[in-house]
Amino acid sequence: MATDNLLIEIKDLHTYFYLAEGVVRAVDGVDLRIKRGQTMGIVGESGCGKSVTALSLMQLVPPPGRIESGEILFYRAVRGNNASTMTEVVKITDLKPNSKEMRSIRGNQISMVFQEPMTAMSPVRTIGAQIMEVIMLHQEVDRAEARRRAIDMLARVNLPNPAQAIDRYPFELSGGMRQRALIAMALSCHPSLLIADEPTTALDVTTEAQILELMRTLQNDLGMAIMYITHNMGVIAEMADEVAVMYLGRVVEQTDVQSLFFNPLHPYTRALLKSIPQLSDATAKKRRRLEVIKGMVPDPYSILKGCTFHPRCEEMIPGVCDQVLPMLIEVEPNHSVRCHLYGTP
Ligand SMILES: Nc1ncnc2c1ncn2[C@@H]1O[C@H](COP(=O)(O)OP(=O)(O)OP(=O)(O)O)[C@@H](O)[C@H]1O
Ligand SMILES: [Mg+2]
């Protein structure tokens, strides 16, 4: 397949946590491709490995976790002679988490907005100081220029009175304002990939809608790709160009957003789509974390034979699905699925 527009390519990634109780296979064979300037939505129930996939990409997996095997490639744009742009391939999985090169990628070319802004920012320093630090770490500018750029970024994320707000502490801002400040911090270096891990889950629906709109606008202006992690299919419909559906550490279906909604193939995807909350139950939104699919997600230490969704699957083929792990196969152009209903190896 052509790698022309490719920005990130994850191949057969395995990230495990080694606990006293056993090994948690948080990411167990993820394949994912993100194109330049696109929004890749990652959706799946709680515990399926969305955040650990993102942390692996940033080389931020906390111990006792580690990337066990697989490859993460970053197709970095570099300026060639006479202002032409070339691409060089950086193998992120070969870089040490604390190496100079990884630190220059993290927070600069790839940055991340976390679910809970309070934990992502230091409570004892002003938001301005924190944004300026990011700017000065990666760009050769003095304090006055960094401050000017920070105010400019805060204005872009629609924080009211940015020239004053810059000297505020995180606790002085509302949740929605903090999330805007965090997005400003993540964007202040114009990353080529922004990872947004459920950035609106802690917010009310109105603020959520504003933040989603803001991210779309900034993406158009800055041309970055977004990896948008959510458990909410409604948000996927609004934000994503491409979608990867994850179940128990693996991608089970990946395609463009139209095909996913109009022609979902995997029984798990179909079940997720049935679980979209209606507009009328916006208040129930926070409580409904896609738990309407029958059966429980198996405990993370267990190793299931065959397709890991088979105990919950309404179309399970006995003797096949409970025996053989299906491969991720491309059943039509740009539509891959990991399910025996579409071919058995
Ligand atoms: N620091 C950790 N130590 C041990 N296990 C972990 C750690 N972080 C994640 N895990 C385990 O890895 C698996 C995947 O977790 P992950 O956080 O990626 O899920 P998720 O898809 O992001 O879920 P959610 O929607 O709830 O955020 C889970 O079984 C989780 O318990
Ligand atoms: Mg998560």
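The values are calculated or read from the model by the stated rules, or taken from the named source; none is laboratory data. Please read all numbers here as calculations on a predicted model, not as lab measurements. Counting neighbours? That spans all protein chains shown, and the Cβs are built from the backbone with ideal geometry, glycine included.
For this structure, a couple of remarks:
- Comparison of Val24, Val30 shows that the only residue that is touching a Lys or Arg at 6+ places or on another chain (Cβ under 7 Å), in contact (Cβ under 8 Å) with a residue 60 or more places away in the chain, farther than 16 Å from Ala196 by Cα and within 16 Å of ligand 2 (Cβ to nearest atom) is Val30.
- Check on Glu172, of a type outside the set (Val, Ile, Thr) and over 23 Å from Arg148 (Cα atoms): no
- The number of residues in region 212-228 that are closer than 21 Å to Asn5 by Cα and either touching an Asp or Glu at 6+ places or on another chain (Cβ under 8 Å) or in a loop (DSSP other than H, G, I, E, B) (or both) comes to 2.
- Test result for Ile236, under 20 Å from Asp31 (Cα atoms), part of a helix (DSSP H, G or I) and within 16 Å of ligand 2 (Cβ to nearest atom): yes
- Search result, residues across region 173-211 that are of a type in the set (S, T, N, Q) and either in contact (Cβ under 8 Å) with a residue 40 or more places away in the chain or assigned to a helix (DSSP H, G or I) (or both): Gln179, Ser188, Ser192, Thr201, Thr206, Thr207, Gln210
- Note on region 1-16: residues that are surrounded by fewer than 20 Cβ atoms within 10 Å (Cβ to Cβ) and either within 14 Å of ligand 2 (Cβ to nearest atom) or of a type outside the set (D, E, K, R) (or both) amount to 6.
- Count of residues meeting criterion [within 16 Å of ligand 2 (Cβ to nearest atom) and of a type in the set (S, T, N, Q)] in region 33-60: 4
- Looking only at region 10-64, and only at residues there that are aromatic (Phe, Trp, Tyr) and either more than 7 Å from ligand 1 (Cβ to nearest atom) or assigned to a loop (DSSP other than H, G, I, E, B) (or both), the one that is nearest to Ser99 (Cα to Cα): Tyr16
- Test: residue in region 79-97 that is assigned to a strand (DSSP E or B), farther than 30 Å from Thr217 by Cα and either of a type in the set (Phe, Trp, Tyr) or within 13 Å of the chain's Cα centre (by Cα) (or both): no
- Considering residues of region 157-172 that are surrounded by fewer than 19 Cβ atoms within 10 Å (Cβ to Cβ) and either part of a helix (DSSP H, G or I) or among the aliphatic types (A, V, I, L, M) (or both) only, the residue nearest to the chain's Cα centre (by Cα): Phe171
- Any pair with Cβ under 9 angstrom, 6 or more apart, that starts in region 34-57 at a residue that is within 23 Å of Arg270 (Cα to Cα) and ends at one that is part of a loop (DSSP other than H, G, I, E, B) and among the basic types (Lys, Arg): Glu45/Arg289; Ser46/Arg289
- Counted residues, region 245-264 - those being surrounded by fewer than 22 Cβ atoms within 10 Å (Cβ to Cβ) and closer than 12 Å to Val337 by Cβ: 3
- Residue in region 151-168 that is acidic (Asp, Glu) and away from ligand 1 (no atom under 16 Å from the Cβ) present: yes
- Residue match in region 65-74 (condition: over 25 Å from Ala120 (Cα atoms), of a type in the set (S, T, N, Q), touching a residue at least 24 places away in the same chain (Cβ under 8 Å) and away from ligand 1 (no atom under 15 Å from the Cβ)): yes
- Residue in region 61-85 that is nearest to ligand 2 (Cβ to nearest atom), counting only those that are surrounded by fewer than 13 Cβ atoms within 10 Å (Cβ to Cβ) and over 23 Å from Gly37 (Cα atoms): Pro62
- Test: residue in region 199-217 that is crowded, with 23+ Cβ neighbours inside 10 Å, within 13 Å of ligand 1 (Cβ to nearest atom), modelled with pLDDT of 90 or more and within 22 Å of Leu57 (Cβ to Cβ): no
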